[in-house]
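First comes the structure, then the notes that go with it.
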Amino acid sequence: MFVVLVVIIGGSLYWIAKDANRRKSEELELINRNYDYAKGVIMGKKSYKGHSIEVKYQIGNREYNYVGGWDSNPHNLGEGDSIRFRYAIDTPQIIITELDDRY
């Protein structure tokens, strides 16, 4: 019974990770097709138990909020700082910040 439970939990975690990687790849593909650069403001940044960032930005007359992860922070950017990002022109809510290794 214990082995079955471990296999189910392990399989579920594997499936979740694989799905997240697939989604990231699809978003990167979409951005790479037709992109532009812009700047936003970091509204929140956390590095405890993972790395997460919240960015507020405007494209045209519309304001967006992005919440996602980050990989490295060589310029020690923090809350209130400007941050560069690359976004899909056709879908501006999909962005990659300069803190992401894929940038």
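Some observations on this one:
- Sequence-distant residues sharing a close amide H with His51 (under 5 Å, placed H): Trp70
- Extension gain for Arg33-Glu79 works out to 13.5 nm (0.36 nm per residue, less the C-alpha to C-alpha distance).
- Cα-based Lys pair tally, the chain, threshold under 22 Å, eight or more apart or on separate chains: 9
- Surface share of carbon and sulfur [accessible, 1.4 angstrom probe, percent] for the chain: 53
- Taking each residue as 0.36 nm, the span from Lys46 to Ser12 lengthens on full extension beyond its C-alpha to C-alpha distance by 9.6 nm.
- Accessible area per residue, Å², the chain with all protein chains present, probe 1.4 Å: 71
- Crossing angle, helix 2-33 versus the chain [Cα axis fit, 0-90 degrees, rounded to tens]: 20
The values are calculated or read from the model by the stated rules, or taken from the named source; none is laboratory data. From a predicted model like this one, the values you see are computed outputs, not experimental measurements. Just so you know, the surface numbers come from the protein's heavy atoms only, side chains and all, with ligands and any DNA or RNA stripped out. Shrake-Rupley method; radii C 1.70, N 1.55, O 1.52, S 1.80 Å.
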